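Student: There's a structure below that I have some questions on.
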């Protein structure tokens with residue numbers, strides 16, 4: 001049996017880099033068990049810009065940069081700030097041409113919870129999630 005990449009990939013919700021933080025937090029705090037731990041952040045052409053996680057948002061808001069954001073914008077203002085201020089770098093990206101076994105081996109050997117699958121133009125095609 002030949003393993004196909006399409007059998008491993010799932011379509012996860014994407015968020016645009018200019019969307020407000022409150023939208024990203026709403027996605028992360030969804031009401032069902034399928035709420036994502038991470039949300040892929042994209043630009044207008046669906047190219048990967050980074051990853052939004054609740055942990056990263058907390059790191060930004062409780063760090064030095066967060067203090068200045070609280071003082072300048074307050075809570076309501078922060079929730080309207082664009083997502084790109086709160087994202088992490090997307091580190092684990094593979095193209096559609098990569099063999100599925102190679103990706104699974106990489107995830108296993110490096111204890112990676114997810115990888116992003118893109119086309120030749122870096123547009124998101126799906127995610128392989130743990």
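Taken together, the values in this text are just the output of simple stated rules run on the coordinates, not laboratory data. All of these numbers come straight from a predicted model, not from anything done at the bench. Using ideal geometry, Cβ is built from the backbone for each residue, glycine included, and neighbour counts are taken over all protein chains shown.
Student: With the Cα gyration tensor of the chain in hand, give its eigenvalues times 5 under a square root as the equivalent ellipsoid semi-axes, listed largest first in whole angstrom. Intermediate results must be reported in sequence, preceding the final value.
Tutor: Working: eigenvalues 184, 40, 34 Å².
With the √(5λ) rule applied to the chain, the semi-axes are 30, 14, 13 Å.
Student: Measuring from centroid to centroid over Cα atoms, what is the spacing of the stretch 104-129 and the stretch 67-93 in Å?
Tutor: The stretch 104-129 and the stretch 67-93 have Cα centres spaced 25 Å from each other.
Student: State the extension gain, in nm to one decimal, for the chain segment bounded by residue 129 and residue 18, taking 0.36 nm per residue of separation less the distance between their alpha-carbons.
Tutor: Computed gain between residue 129 and residue 18 is 37.5 nm.
Student: Relative contact order of the stretch 5-129, please, whole-number percent, based on alpha carbon pairs below 8 angstrom and at least 6 residues apart. Don't jump to the answer; show the numbers that get you there.
Tutor: Numbers: 195 pairs, mean separation 37.7, N = 125.
For the stretch 5-129, the relative contact order is 30 percent.
Student: Now, a different point. Given only helices, namely DSSP H runs of n ≥ 4 each adding -39500 (n - 2.57), what is the per-residue ellipticity at 222 nm of the chain, to the nearest 500 deg cm²/dmol? Don't skip to the answer; put the middle values down first.
Tutor: Numbers: 5 runs with 47 residues, N = 130.
Taken over the chain, the calculation gives -10500 deg cm²/dmol.
Student: Let me ask something additional. Take the Cβ-Cβ distance between residue 56 and residue 3 as r, set R0 to 22 Å, and report the resulting FRET efficiency rounded to the nearest 0.05. If you can, show how the numbers build up before the last one.
Tutor: Details: r = 32 Å, r/R0 = 1.45.
Efficiency, rounded to the nearest 0.05: 0.10.
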